[in-house]
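Engineer: Here it is: the structure, laid out below.
Please treat every number below as a calculation from the coordinates, not as lab data. As the structure is a prediction and not an experimental result, all values here were calculated from the model. Cβ atoms come from the backbone with ideal geometry, glycine included; neighbour counts cover every protein chain shown.
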Amino acid sequence: MKAVIAVGDLGKRYRVGQRRRHVTLRDAMVAAASAPLERLRGARRQAPWIWALRHASFEVMQGEVLGLIGRNGAGKSTLLKILSRVVEPTEGRADIRGRIASLLEVGTGFHPELTGRENIYLNGAILGMRKAEIDRTFDEILAFAETERFVDTPVKHYSSGMYTRLAFAVAAHLEPDILIVDEVLAVGDGAFQRKCLGRMHHVARDGRTVLFVSHNMDAVRRLCSRVMLLRDGQLVADGEPGTVIARYLAQESTQSPPDEWIPLAATSRRGTGEARFVAARYSSLETGFAGYAHSDGPLTFFVTIESDIARTVDSMAVKLSSPSGVTLINAEMMALGQTLGLKPGTNRARIAIRQVHLTPGTYDVGLWLGDSHGRTFDHLDPAFSIDVVDDPLPRFGVTPKGNGFVPCCFQVFQDDGVA
Amino acid sequence: MRPLVSPANIAALPVTRIRPPSGWTSLNHRELWNYRELLYFLVWRDIKVRYRQTALGATWAIVQPFLTMAVFSVFFGALVGVPSDGVPYPVFAYVALVPWMYFAAALTQASTSLVDHSRLVTKVYFPRVLVPAAAVAAGLVDLAIAFLVLAGMLLYYGIVPTAAVLTLPFLVILTSAAALGASLWLAALNARYRDVRHLMPFLIQLWLFLTPVAYPSSVVPDRWRPVYAMNPMAGIIEGFRWALVGSGERPGVPLAVSVAVILTVLVGGLFYFRRTERSFVDVL
């Protein structure tokens, strides 16, 4: 077998705090004018560099489905962006054989004023499909997206679910030799996610090479034949999915004890940062459990939020997910129709969950702050991890054995033999 | 699904080589040719979207040059009495305003196009030059619509174009090339320095004064002519007048100068754009 992707000593570095958005010609002229002077003084101020990815070397064979895992900021997306040719590497080399299609985002280039039909063609062309190819697969795409009835409606009138389905459907019908996918399965409802996963399976079975980034370990385990683990821009493990995923879950998860403030200022995150979480604390507020949450018990999260200005937020959430990335609880303020008034500076808030219907184990906690217009102020996922412990107290007169339990409403009927 | 290449044939697949950027690179016209369909779709999108949710729709393509022509006719034509080479002033002005407005709009759109499409540029690879090129090409539809009105005006004033009208396609291509050439420099600069957006209205206005739109180039003193001709739009606008209403003499020399200037700016712009396009994503 010959390698279709050969990567050697690949690296990308950025300047720390490189926010060139506000660079103006005036700044550049001032810098150019003062540069020789500063050089004379021997005091040229250098912003430090950080390597988002360094010394990455690996090969991918044809037909392999390679999963990339690691915490946020580990360098997964940087690697995919270099291989997709969206960013240039700082050093090293990568040779890729065959046609590449990369999906770094769902619905790139979609225009809200255009109809479903028009966007299928536009998006297909942007992702590298020929018009003839789109013509041929058009009906399939439409059927996959389940939006046949709205094909001539501008997509601005679509629900977000329909929009996502249509966007993914186009991408799912790409027929490249190599497919690069970044975390796009995190969108859409459960049923559609399963459908997308099935489609990716199909692509992979076809012998195409797939590079796949996800935080959903179940998806990675199901889909990939090989997994690479990245940490701080370095490739730290490469091999059989079960082994690498186990290593990731064991080493990368960091459980935080209850009743202690957890600093979050340095945690990697997304969002505008206009208002942000700086610390969090959690507790069951039950002395019998030393603050640990137990199955079916209460759990309260205390958060410290810093805001630049006075503002009202209508969307704040605490999310609990399994280590494999499946969301289990989403306590979202929007569901209550409540708002939170933030004053400039430091604010405190509390989210109290009355009963945590979770079996004992380790769970990731995600924190979200935004508004109902889809703006993200701050999003940490995961922010930290917590342990849910077994409840040793007797219930209904018996002490539950084994792995704890989550109660549910149920009834038992005795039926006669004939159905 | 498209049949997959068997393992034995992997060697036959095209190889993409990814390397750190290093200085000047070739224009890679073969890759551009491979992406021609994307150019078509980008242009098509711009045209489709341009007048969606506007009350006047494509009428805007006529309203702007027509009203400007009316204002020019009143102030420059009637009140100031600017000479118009023996052609009725409204026709004289409109013939120049149509290509000028296409040029100005194309230049403005294309110069900020990379930043306007930053979502696209940071998520998908394609030759970045397609973005300003699509912006320039999309303006051609407005140009065509505005020309229809011109045909009506010629009919009204009883002006019959000569065989020179056949040079029209060449002049239109030249205008597009001028807009693309200048916008390649400006778009690349705008990716890094957002000042370009603020510079554009000012630049366009100055450029209009330096171009024989409201006045004939015959009013420019002879000794300034060589400098004046360095503005590629000067030769082009005189070319449009000569081709459509037969005013002035054949602008052979000014046009030749225009072609030379445009080619220099365009080729230089293509190379400069290629050199800087690799770092666009880091600064967008």
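Engineer: Between the range A:160-231 and the range B:222-243, what is the separation of their alpha carbon centroids in Å?
Structural biologist: What the calculation gives is 58 Å, centre to centre.
Engineer: Continuing with this model, one more query. Please report the net charge: other residues with Cβ closer than 14 Å to the Cβ of B:SER247, K and R +1, D and E -1. Numbers along the way, then the final one.
Structural biologist: Details: positive: B:ARG241, B:ARG250; negative: B:ASP85, B:GLU238, B:GLU249.
Overall, the nearby charge balance is -1.
Engineer: Turning to a different aspect of this structure: For chain B, what value does the Rg/Rh ratio take when both radii are computed over Cα atoms and Rh is the Kirkwood radius, given to two decimals?
Structural biologist: Details: Rg = 21.5 Å, Rh = 20.7 Å.
Rg/Rh: 1.04.
Engineer: In deg cm²/dmol, rounded to 500, what helix-only [θ] at 222 nm does chain B give when every DSSP H run of at least 4 residues adds -39500 (n - 2.57) and the total is split over its residues?
Structural biologist: Details: 13 runs with 182 residues, N = 284.
Result for chain B, helices only: -20500 deg cm²/dmol.
Engineer: Relative to the longest principal axis of chain B, what angle (0 to 90°, nearest 10) does the C-alpha long axis of helix B:252-277 take?
Structural biologist: That helix lies at roughly 30 degrees to the long axis.
Engineer: Apply the Karplus parameterisation 6.51 cos²θ - 1.76 cosθ + 1.60, with θ equal to phi minus 60°, to every residue of the range A:305-313 and state each ³J(HN,Hα) to the nearest whole Hz, in sequence, with x for glycine and proline.
Structural biologist: The phi angles translate into 10, 9, 10, 6, 9, 6, 7, 10, 10 Hz.
Engineer: What does the charge dipole of the range B:28-283 about its Cα centre add up to, to the nearest 20 debye, if the Cβ of each Lys and Arg holds +1 and the Cβ of each Asp and Glu holds -1?
Structural biologist: On the way: 19 positive and 12 negative charges, 153 e Å.
Here the size comes out at about 740 debye.
Engineer: Over what distance in Å are the Cα centres of the range B:23-93 and the range A:279-348 separated?
Structural biologist: Here the answer is 55 Å between Cα centres.
Engineer: Note down the Stokes-Einstein diffusion coefficient of the protein assembly as shown in µm²/s, whole number, using a Kirkwood radius over alpha carbon pairs, 37 °C, and 0.692 mPa s.
Structural biologist: Working: Rh = 29.7 Å.
Answer from the Stokes-Einstein relation: 111 µm²/s.
Engineer: Rg to Rh for the range A:51-174: what is it, with Cα atoms only and Rh by Kirkwood?
Structural biologist: Numbers: Rg = 17.0 Å, Rh = 16.3 Å.
Answer for the range A:51-174: 1.04.
Engineer: Between the helical axis of B:130-157 and the dominant principal axis of chain B, each derived from Cα atoms, what acute angle in degrees is found, rounded to the nearest 10?
Structural biologist: 20
Engineer: If you fit an axis through the alpha-carbon atoms of helix B:168-192 and take the longest principal axis of the Cα set of chain B, what angle between them do you get, 0 to 90°, nearest 10?
Structural biologist: 60
Engineer: Can I get the semi-axes of the range B:77-228's equivalent ellipsoid? Compute them from the C-alpha gyration tensor as square roots of 5 times the eigenvalues, in angstrom, largest first. Please list the in-between numbers first.
Structural biologist: Numbers: eigenvalues 215, 73, 33 Å².
With the √(5λ) rule applied to the range B:77-228, the semi-axes are 33, 19, 13 Å.
Engineer: Once you place label points 7 Å from the Cα toward the Cβ at A:MET61 and A:ARG93, how far apart are they in nm?
Structural biologist: 2.3
Engineer: Cα centroid distance between the range A:63-100 and the range B:151-207, in Å?
Structural biologist: Measuring centre to centre over Cα atoms gives 41 Å.
Engineer: Okay, next question. Evaluate 2.2 N^0.38 Å with N set to the residue count of the range A:262-389, then give the Cα radius of gyration divided by it. Each step should come with its number before you reach the end.
Structural biologist: Values: Rg = 14.2 Å, N = 128, 2.2 N^0.38 = 13.9 Å.
My calculation over the Cα atoms of the range A:262-389 gives 1.02.
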